[in-house]
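Q: Before I ask anything, let me first share the structure, which is written out below as structure tokens.
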Amino acid sequence: LSGLSLSAQPPGGQVALGDCLVLSCMVATRTGPLSFNWHQRDSGALLGTGPHLELQHIGDNDSGHYHCHVSDGESVAESVPLNVTVVGERAPQSG
């Protein structure tokens, strides 16, 4: 299990308040079926269990470092943390 990399959409992990953020965990080489665990550094909570983590309606408290743990049944790897930055303010609802 090697070649673990994280990517974010929007790129760079900069997301506007109230928008959606998708994190993707990619593995270059593996020996078996993969299981994913997503965590935020400050919180021990399990955020997701798939190769992609989708965060909807981003708020100020969603900023921080995210990483994924990947296991292929033989070994476990942890990605480099990806820094998520929440920018701007929620666009006013025009009615």
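Q: Using Cα springs under 10 Å in a Gaussian network model of the chain, which residue among Ser79, Ser35, Ser24 shows the largest mean-square fluctuation?
A: Its mean-square fluctuation being the largest, the pick is Ser35.
Q: As a test of understanding, state the convex hull volume per residue of region 4-87 from its alpha carbons, in Å³.
A: In region 4-87, the Cα hull volume divided by residue count equals 78 Å³.
Q: Assuming 0.36 nm per residue, please report the length gained on full extension of the stretch Asp72 to Thr29 beyond their Cα-Cα distance. Present the calculation step by step, with values, prior to reporting the outcome.
A: Working: separation 43, 0.36 × 43 = 15.48 nm, distance 1.00 nm.
Additional length available on full extension: 14.5 nm.
Q: Any idea how far apart Ser43 and Ser7 come out in nm if each label point goes 7 Å out from Cα toward Cβ?
A: Result: 2.6 nm between the two label points.
Q: Of the DSSP beta bridges with both residues in the chain, give the percent that are antiparallel, rounding to the nearest 5. If you can, show how the numbers build up before the last one.
A: Details: 26 of 29 bridges.
Roughly 90 percent of the DSSP beta bridges within the chain come out antiparallel.
FYI, it's all coordinate maths here, none of it is from the lab. Computed from a predicted model, the values in this text were never measured in an experiment. All Cβ positions, glycine included, derive from the backbone under ideal geometry; neighbour counts span all protein chains shown.
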